[in-house]
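Scroll down for the structure; my scribbles are underneath it.
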Amino acid sequence: MTARAAATLLAAALLLAAAAPAGAVDEEGRPPLLPAKPGCELWLGNSKGNDPTIRLHVRLCEDGGVVHGDIQTSSLRSGWSHRAVEGAWNTPRDTLILKDLDLVEEHPNPGWRFCTVDQWTLRKEGDQLNGRYDSEACNDHADVHLTFQGLTPALPAPQPIPDLPPPPATPPDAGPCGLCAAIPPASPPPTPALLLLPALLLLLRRKR
């Protein structure tokens with residue numbers, strides 16, 4: 001399979017995961033993979049502990065030196081869970097230490113139960129994270145192997161709104177109208193009496 005085809009399949013799986021309702025499972029009984037999140041990494045692998053058939057899907061985000069994210073465990077034997085985790089890289093950034101904050105969702109099969117993990121210790125080796133987890137509550141100590149699946153680009157920062165240019169200077173006041181010219185007032189029309197005055201003068205001259 002080419003890299004482009006693999007990326008296409010991964011993108012399709014992530015879209016399906018984002019659209020799936022909580023608690024949904026596929027035909028095998030496994031939950032959909034965790035959806036991608038801008039600025040976060042996705043890792044896929046497995047763990048071998050009390051249940052050696054667990055599939056792990058991990059989403060890790062980093063903000064200000066703090067790593068937070070989600071780990072999904074799924075198995076046809078023991079069931080599946082979704083847990084929130086938090087931690088940090090060591091100074092050389094070759095070992096990641098995480099701990100469970102909460103079991104966000106859990107669906108154990110009959111005869112099984114899920115516990116929070118006290119510590120995930122994961123060493124970075126190329127495109128892999130290898131290590132272990134330890135859960136005292138479940139007396140579960142497992143080997144962990146994860147392979148990097150990709151980084152979802154972060155959303156671009158919002159661009160600042162440019163300053164608007166200043167409004168044009170106000171022109172001198174040209175009167176009460178805007179786009180118009182001043183029109184001189186019209187002369188009042190002559191009154192009827194003024195129109196008859198010439199005729200009266202002519203009549204008086206004839207009488208003389």
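The values are calculated or read from the model by the stated rules, or taken from the named source; none is laboratory data. Because the structure is predicted, anything quoted here is derived from the model rather than measured. No Cβ is skipped: glycine too gets one built from the backbone with ideal geometry, and neighbour counts run over all protein chains shown.
Quick look at the values:
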item: Every residue from the stretch 136-168 that is of a type in the set (S, T, N, Q) and either out of contact with any Gly (no Cβ under 8 Å at 6 or more places or on another chain) or under 14 Å from Gly45 (Cβ atoms) (or both); result: Asn139, Thr147, Gln149, Gln159
item: All positions within the stretch 62-83 that are crowded, with 16+ Cβ neighbours inside 10 Å and hydrophobic (A, V, I, L, M, F, W, C); result: Val67, Ile71, Trp80
item: Of the criteria (1) under 29 Å from Glu28 (Cα atoms); (2) surrounded by 14 or more Cβ atoms within 10 Å (Cβ to Cβ); (3) not small (Gly, Ala, Ser), which one Ile97 fails; result: (1)
item: Qualifying residue in the stretch 113-123 (condition: part of a strand (DSSP E or B), crowded, with 17+ Cβ neighbours inside 10 Å and at negative phi); result: yes
item: Lone unmet requirement of (1) part of a helix (DSSP H, G or I); (2) at pLDDT 65 or above for Arg55; result: (1)
item: Candidates Pro153, Pro92, Pro166, filtered to the one that is out of contact with any strand residue (DSSP E or B) (no Cβ under 7 Å at 6 or more places or on another chain), under 21 Å from Leu33 (Cβ atoms) and not in a strand (DSSP E or B); result: Pro153
item: Yes/no for Glu105 being assigned to a strand (DSSP E or B) and in contact (Cβ under 8 Å) with a residue 60 or more places away in the chain; result: yes
item: Matching residues in the stretch 127-150 - criterion: being of a type in the set (A, V, I, L, M, F, W, C) and either assigned to a strand (DSSP E or B) or under 18 Å from His57 (Cα atoms) (or both); result: Leu129, Ala142, Val144, Leu146, Phe148
